[in-house]
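The values are calculated or read from the model by the stated rules, or taken from the named source; none is laboratory data. If you're wondering where the values come from, they're calculated on a predicted model, not measured in any experiment. Here the Cβ is made from the backbone with ideal geometry for all residues, glycine too, and neighbour counts use every protein chain on show.
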Amino acid sequence: MYLRHPPTFQELALFSSMPAAFRRMEPSAWADANRAGAMVDSFLEGPVFDQKGNLYVTDIPWGRIFRIDPNGVWTLVAEYDGEPNGMKFLNESTLLITDYKNGLMQLNLANGKVSPFLERRNSERFKGVNDLVFDAEGNLYFTDQGQSGLHDPTGRLYRLRANGQLDLLLSNVPSPNGVALSPDNKVLYLAVTRGNCVWRVPLLADGSVSKVSRFFTSYGPSGPDGLAVDVNGRLLVANPGLGYVWVLNTRAEPERILHGPTGASTTNLAFGGQDKRTLFVTDSTHGTILFAELDAAGLPLCGRQ
């Protein structure tokens, strides 16, 4: 790749580490399938901020949702029989969760109760939903990854309209993961983990997609995961296999590379802080939250009221 201006490297700093009391070094069904049976004490994903500056994250193997306050103090909000991954706020008091085991679930923050939101499509279970994003009209885009990959490129991208209509937009993706929207909501960016790339998905006025293309190509043992977009339209890509977060301009050229400590698995990211210019990143290998100060704020996230 030829770059007119080489990217700047910036180290991610530690914001907070999961307390020892919450770590579980035990066998789990999730680790059996996804970590070759190795025991993991946690696997953090799905970071999202509330209006008070609290950060919520998921812990996939143990079905837990945590709240981390601005001082880095952890509180267990919910624990249930599931494998929660991505999260976004449905409204001020409800988190919507992509749960690999159960489909779309919702968490009532007032009482900690987790209940179904959309478990099946036409009575058929999903492969294993992964991440989600709302557009400005309240339409929900979410990925159905399962165990798809280059050997089985059948992962899906769905849109759940505000009126309840469910549209299958793509069904040929080798491991669809993170999703994010451009500032004008006309383009959806889709992380394709096993293809080690990010797809660009134009969203047409009639509700269809067309001329889907590969926007960015990475490398390494595990490809792009979580995505975010800033107010300038730059795409930020969490790349766990490299321990990187790519900051890409609108031409997909890396302007900056954020990197974690040795062995970091940078899985997902969210903008927070008073001016929303602080990027927070889940490091799932170490059970920590990393951060970096950036030069532009994150794009505000939408939900449903």
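Listed here are the residues, each with its yes/no results for (1) within 25 Å of G149 (Cα to Cα); (2) in contact (Cβ under 8 Å) with a residue 24 or more places away in the chain.
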{"site": "F9", "(1), (2)": "no, yes"}
{"site": "M18", "(1), (2)": "no, yes"}
{"site": "E26", "(1), (2)": "no, no"}
{"site": "N34", "(1), (2)": "yes, no"}
{"site": "R67", "(1), (2)": "no, no"}
{"site": "N91", "(1), (2)": "no, yes"}
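Here A252 meets the list (1) surrounded by 21 or more Cβ atoms within 10 Å (Cβ to Cβ); (2) touching a Phe, Trp or Tyr at 6+ places or on another chain (Cβ under 6 Å); (3) outside any strand (DSSP E or B) almost entirely, failing just condition (1).
Residue-wise test of (1) touching a Gly at 6+ places or on another chain (Cβ under 9 Å); (2) hydroxyl-bearing (S, T, Y).
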site: E11; (1), (2): yes, no
site: S17; (1), (2): yes, yes
site: Y56; (1), (2): yes, yes
site: R67; (1), (2): no, no
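Might you check whether a residue that is modelled with pLDDT of 95 or more, of a type in the set (D, E) and under 15 Å from T285 (Cα atoms) occurs anywhere in the stretch 58-68? Within the stretch 58-68, one or more residues are modelled with pLDDT of 95 or more, of a type in the set (D, E) and under 15 Å from T285 (Cα atoms). Within the stretch 101-112, being touching a Leu at 6+ places or on another chain (Cβ under 7 Å) and assigned to a loop (DSSP other than H, G, I, E, B) holds for one residue alone: L109. For the stretch 33-62, filtered to residues that are surrounded by 15 or more Cβ atoms within 10 Å (Cβ to Cβ) and among the polar types (S, T, N, Q), the residue that is nearest to D81 (Cα to Cα) is T58.
Quick one: which residue in F280, F271, F216 is aromatic (F, W, Y) and either more than 27 Å from D41 (Cα to Cα) or modelled with pLDDT under 95 (or both)? I'd like the intermediate steps shown before the answer.
Working: F280 fails: either more than 27 Å from D41 (Cα to Cα) or modelled with pLDDT under 95 (or both); F271 fails: either more than 27 Å from D41 (Cα to Cα) or modelled with pLDDT under 95 (or both).
Criteria check complete, one pass: F216.
Only residues that are part of a strand (DSSP E or B) and buried (at least 20 other Cβ atoms within 10 Å of the Cβ) were counted in the stretch 258-290, giving 16.
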